[in-house]
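Undergrad: Pasting a structure below so you can have a look.
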Amino acid sequence: MIIFGLWAPDRATWEASWRTAGILDDENQLLPPYSSCVDHTADTWHGLIEKKPAVYDENGEEIHPSILVPGWHCNVRVWGAVEAQMIAGRPRVGEDGQLLSLFERTHAVAVFGLTPRPADTKTGFPAGYRSVEGIVYADAAVFSSPSNVYV
């Protein structure tokens, strides 16, 4: 399974980028084969992420407000035919036996024309790769998210 997170300036930018890539239709529904092997359920979307929670005193009064991160965030899982295409011919582990990063073990960089991007201090999004539309993708191994836990 391929698991990654993404950050977009807003949901419309993400939807437009995935429509252009042929992943979503005009109603923003997953197209085949993505519809049967990609999960990005609505409950994983966040308009604003709480980077630092609010602090309250013993009476429940807010002492410090939470710090919110701008943009849209989503966690995505890919399996089946799409996963097979994305990993075909790519090594899974390095010479040391450790799992390679998402971007080394898939064709994502070439397929989507991604370029490296450092961590963003404003959004708190980890280092990853950026599309021409401004969508940033990160390997799930480099961040922690309560929405990135699947059972």
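Undergrad: So Ile135 fits all but one of (1) out of contact with any Leu (no Cβ under 7 Å at 6 or more places or on another chain); (2) buried (at least 18 other Cβ atoms within 10 Å of the Cβ); what number is the exception?
TA: Of the numbered conditions (1) out of contact with any Leu (no Cβ under 7 Å at 6 or more places or on another chain); (2) buried (at least 18 other Cβ atoms within 10 Å of the Cβ), the odd one out for Ile135 is (1).
Undergrad: Mind checking which residues of segment 43-74 are loosely packed, with under 12 Cβ neighbours inside 10 Å, more than 14 Å from the chain's Cα centre (by Cα) and modelled with pLDDT under 85?
TA: Hits for segment 43-74 are Glu50, Pro53, Ala54, Val55, Tyr56, Glu62, Ile63, His64, Pro65.
Undergrad: Cβ contacts < 8 Å: first residue under 16 Å from Phe112 (Cβ atoms) and touching a residue at least 12 places away in the same chain (Cβ under 8 Å), restricted to segment 20-31; second residue hydrophobic (A, V, I, L, M, F, W, C) and in a helix (DSSP H, G or I), any location; separation 6+ or different chain. Result?
TA: Pairs found: Ala21/Phe112.
Undergrad: Let me ask something additional. Taking segment 93-129, which residues are basic (Lys, Arg) and surrounded by 11 or more Cβ atoms within 10 Å (Cβ to Cβ)?
TA: Scanning segment 93-129 gives Arg105, Arg117.
Undergrad: Pick out the one residue from Arg92, Arg77, Arg117, Arg105 that is in contact with an Asp or Glu (Cβ under 7 Å, 6 or more places away or on another chain) and among the charged types (D, E, K, R).
TA: Values: Arg92 fails: in contact with an Asp or Glu (Cβ under 7 Å, 6 or more places away or on another chain); Arg117 fails: in contact with an Asp or Glu (Cβ under 7 Å, 6 or more places away or on another chain); Arg105 fails: in contact with an Asp or Glu (Cβ under 7 Å, 6 or more places away or on another chain).
That would be Arg77, the only listed residue that is in contact with an Asp or Glu (Cβ under 7 Å, 6 or more places away or on another chain) and among the charged types (D, E, K, R).
Undergrad: Then there's this: Quick one: is Thr106 polar (S, T, N, Q) and in contact with a strand residue (DSSP E or B) (Cβ under 7 Å, 6 or more places away or on another chain)?
TA: So Thr106 fits the description; yes.
Undergrad: While we're looking at this one, here's another question. List, please: which pairs have Cβ atoms under 8 Å, are six or more places apart or on different chains, and start with a residue in segment 113-134 that is within 15 Å of Trp14 (Cα to Cα) and at pLDDT 95 or above and end with one that is polar (S, T, N, Q) and assigned to a strand (DSSP E or B)?
TA: Close Cβ pairs (under 8 Å, with a partner that is polar (S, T, N, Q) and assigned to a strand (DSSP E or B)) amount to Tyr129/Thr115; Arg130/Thr115.
Undergrad: Just a yes or no: is a residue in segment 110-125 within 18 Å of Tyr34 (Cβ to Cβ) and touching a Leu at 6+ places or on another chain (Cβ under 8 Å)?
TA: Within segment 110-125, none of the residues are within 18 Å of Tyr34 (Cβ to Cβ) and touching a Leu at 6+ places or on another chain (Cβ under 8 Å).
Undergrad: Looking at this structure, is Arg77 among the basic types (Lys, Arg), within 19 Å of Ala138 (Cα to Cα) and surrounded by 16 or more Cβ atoms within 10 Å (Cβ to Cβ)?
TA: Here the answer is yes, as Arg77 does meet what is asked.
Undergrad: Could you tell me which numbered condition Ala12 fails, if it satisfies all but one of (1) in contact with a helix residue (DSSP H, G or I) (Cβ under 7 Å, 6 or more places away or on another chain); (2) modelled with pLDDT of 90 or more; (3) not polar (S, T, N, Q)?
TA: (1) is the only condition that Ala12 fails.
Undergrad: Between a first residue in segment 54-83 that is at negative phi and free of Cβ contacts under 8 Å to residues at least 24 places away in the same chain and a second residue that is hydrophobic (A, V, I, L, M, F, W, C) and assigned to a loop (DSSP other than H, G, I, E, B), which pairs have beta carbons less than 6 Å apart while being 6 or more apart in sequence or on different chains?
TA: What qualifies is Glu62/Ala54; Pro65/Ala54; Ser66/Ala54; Leu68/Leu48.
The values are calculated or read from the model by the stated rules, or taken from the named source; none is laboratory data. Given the structure is predicted, the values throughout are model-derived calculations rather than measurements. Quick reminder, even Gly has a Cβ in these numbers, built from the backbone with ideal geometry, and neighbours come from all protein chains shown.
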